[in-house]
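What follows is calculated from the coordinates using simple rules that are stated; it is not laboratory data. Since we're looking at a predicted model, the values are computed, not measured. Methodologically, a virtual Cβ is constructed for each residue, glycine included, from the backbone with ideal geometry; neighbour enumeration extends over all protein chains shown.
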Amino acid sequence: METPKTPILENQICFPLYVIAKEITGLYRPFLDELDITYPQYLVMMVLWENDGLTVSHIGDKLFLDSGTLTPLLKRLEGKGFITRKRKKEDERVVEAFLTDVGRQLQQKACEIPGKIQRKIDVQPEDLIQLKESIQRILNKIEK
């Protein structure tokens, strides 16, 4: 009987993806510290800057987060005055998140972050676009 080969770290697709995600997220930290938000909170804010007043479940769908992970994030953002959460009158089980004026002002400062990250990693924009498209194709296959 043939013995299965031990997986080798450098041959795994998951490892470089894990490392690059960790490293790039780390690059965001000093810029997000200036805004007093974490990277997951930044993701939530980006979703709301695109479409204010989304339900918690819709935000979770966009970010691939369950409500157990998302609810504490939203509570912290609300505690900082960036968002408010309101239950729908028609169905009180449904909670919607809305930007506050302070949350909208944060958007102006956040607009500088993508350019700062791009300058910091010093990679051609077309290389980043190609990488993002490749990752998105793989994600689309996983989601099916």
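Once you keep just the Cα pairs under 8 angstrom separated by 6 or more residues, what percentage relative contact order results for the range 6-127?
Reported relative contact order: 22 percent.
Here are some values of Cα extents along the principal axes in Å: [x] 49, 41, 30; [y] 45, 33, 27; [z] 63, 42, 23. Which one was computed from this structure?
Calculated Cα extents along the principal axes in Å: the matching label is [z].
Report the longest stretch of the chain that contains none of the GluC sites (Glu not before Pro) sitting in a DSSP loop with at most 15 other Cβ atoms within 10 Å.
The answer is 3-89.
Could you tell me which residue out of PRO72, ILE37, VAL47 lies farthest along the dipole of the chain toward its positive end? Charges go on the beta carbon: Lys and Arg +1, Asp and Glu -1, centred on the Cα centre.
So the residue furthest toward the plus end is PRO72.
Can you run phi through the Karplus equation (6.51, -1.76, 1.60; θ = phi - 60°) for the range 56-61 and list ³J(HN,Hα) in whole Hz, with x for Gly and Pro?
Couplings: 4, 5, 5, 4, x, 4 Hz.
Quote to one decimal, in nm, the extra length available between ASP66 and VAL19 on full extension: 0.36 nm per residue of separation minus the C-alpha distance between them.
14.6 nm
What list do you get for PHE82, PHE64, PHE31 if you sort them by fewest beta carbons within 10 Å?
Going from sparsest to densest Cβ surroundings: PHE64, PHE31, PHE82.
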